[in-house]
Amino acid sequence: MRKQIVAGNWKMNTTPAEGVKLAKELVALEGSLNNVSLIIAPPYTHLSMIQDVIGKSSIALSSQNCADEVKGAYTGEVSASMLASIGTEYVILGHSERRQYYSETSETLNKKMALAYANGLTPIYCVGENKEEREAGRHFDVCRKQIEEVVYNLTEEQFDTLVVAYEPIWAIGTGLTASSDQAQEIHAFIREVLTSKFGAKAENTSILYGGSCKPGNAQEIFSKKDVDGGLIGGAALVAEDFVAIAKSF
Ligand code: 13P
């Protein structure tokens, strides 16, 4: 059985005080959830404080990124070992905003993935095409390449815990979502690409959908066979909405 996961990517939103409040609200609501793992990814500045809030709950902590070097003179960077040392369990890697605005390449991501695993963090590896690529029918090739260039370098043991997120760039923060059929089609394709390398293990990989996922559309999208949950942006900033999405299986 693959894990059903709803993960909240807070991006560069909330003050630490607002983040702590949101985390407390989630802790108060999470008891109403069955069989779904909740993960939240606040900004770096909030992680330690939020770990104190969620520590005894079943909500897991993620960071939104990590450094591609171990330690040393890399001004502004935060290492995977620092993140792990404060109780961070997951790290979002390869988000399209990192690829687009911070020029992250497969080469950088391979280094980050290796460091994440070396420090016991589980990567949530993001793939997805932009609008032009979708319109040209290239979305399959784009996702395949993003997986082959990075995920194919993992060991079988590393692959066992990997979480994948499909996030079409044209659906992120736009209010447009992939239809549930479009999501199923590409999620099934992604699982096939994973299967080509890792065989039946790919049946156990959670593949999350991200892109304008809201309480009103989550149920339809999550009803599809190869959609195992969501990576949520905007709607993760409102506790009731995030929990409503998590109740949509
Ligand atoms: P939105 O849910 O705001 O579209 O963001 C999705 C996303 O990028 C999550 O990582």
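The values are calculated or read from the model by the stated rules, or taken from the named source; none is laboratory data. None of these values were measured; they are calculated from a predicted model. FYI the Cβ positions are ideal-geometry reconstructions off the backbone, even for glycines, and counts take in every protein chain you see.
Going through 97, 104, 77 one at a time, which residue ends up being in a loop (DSSP other than H, G, I, E, B) and crowded, with 19+ Cβ neighbours inside 10 Å?
Working: 97 fails: in a loop (DSSP other than H, G, I, E, B); 77 fails: crowded, with 19+ Cβ neighbours inside 10 Å.
One residue alone meets the criteria, 104.
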> Residues of region 1-16 being among the aliphatic types (A, V, I, L, M) and away from the ligand (no atom under 16 Å from the Cβ), which ones?
Replying inline: 1
>> All but one of (1) out of contact with any Ser or Thr (no Cβ under 8 Å at 6 or more places or on another chain); (2) without any contact (Cβ under 8 Å) to a residue 40 or more places away in the chain; (3) among the β-branched types (Val, Ile, Thr) hold for residue 174; state the number of the condition that does not hold.
In response: (1)
>> Can you list residue pairs whose Cβ atoms sit under 6 Å apart, with the first residue in region 192-204 being at negative phi and the second being among the β-branched types (Val, Ile, Thr)? Count only pairs 6 or more apart in sequence or on different chains.
In response: 193/147; 194/205; 202/195
> Does residue 111 satisfy the criteria of being over 17 Å from the mean Cα position of the chain (by Cα) and within 22 Å of residue 241 (Cβ to Cβ)?
Replying inline: no
> Do we find that residue 21 is closer than 22 Å to residue 209 by Cβ, among the charged types (D, E, K, R) and surrounded by fewer than 19 Cβ atoms within 10 Å (Cβ to Cβ) in this structure?
Replying inline: no
> Which of the residues that make up region 54-74 are part of a loop (DSSP other than H, G, I, E, B) and touching a Phe, Trp or Tyr at 6+ places or on another chain (Cβ under 9 Å)?
Replying inline: 64, 65, 67, 68
>> Restricting to region 81-108, and then to whatever is within 12 Å of the chain's Cα centre (by Cα) and hydrophobic (A, V, I, L, M, F, W, C), can you tell me which residue is nearest to the ligand (Cβ to nearest atom)?
In response: 92
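Which residue out of 91, 53, 36 is modelled with pLDDT of 95 or more and in contact with a Cys (Cβ under 6 Å, 6 or more places away or on another chain)?
None of the others qualify; the one that does is 91.
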> residue 242 versus (1) aromatic (Phe, Trp, Tyr); (2) within 11 Å of the ligand (Cβ to nearest atom); (3) within 21 Å of residue 145 (Cβ to Cβ): which is the lone unmet condition?
Replying inline: (3)
>> Just the residues that are part of a loop (DSSP other than H, G, I, E, B) and within 16 Å of the ligand (Cβ to nearest atom), please, taken from region 109-139.
In response: 128, 129, 130
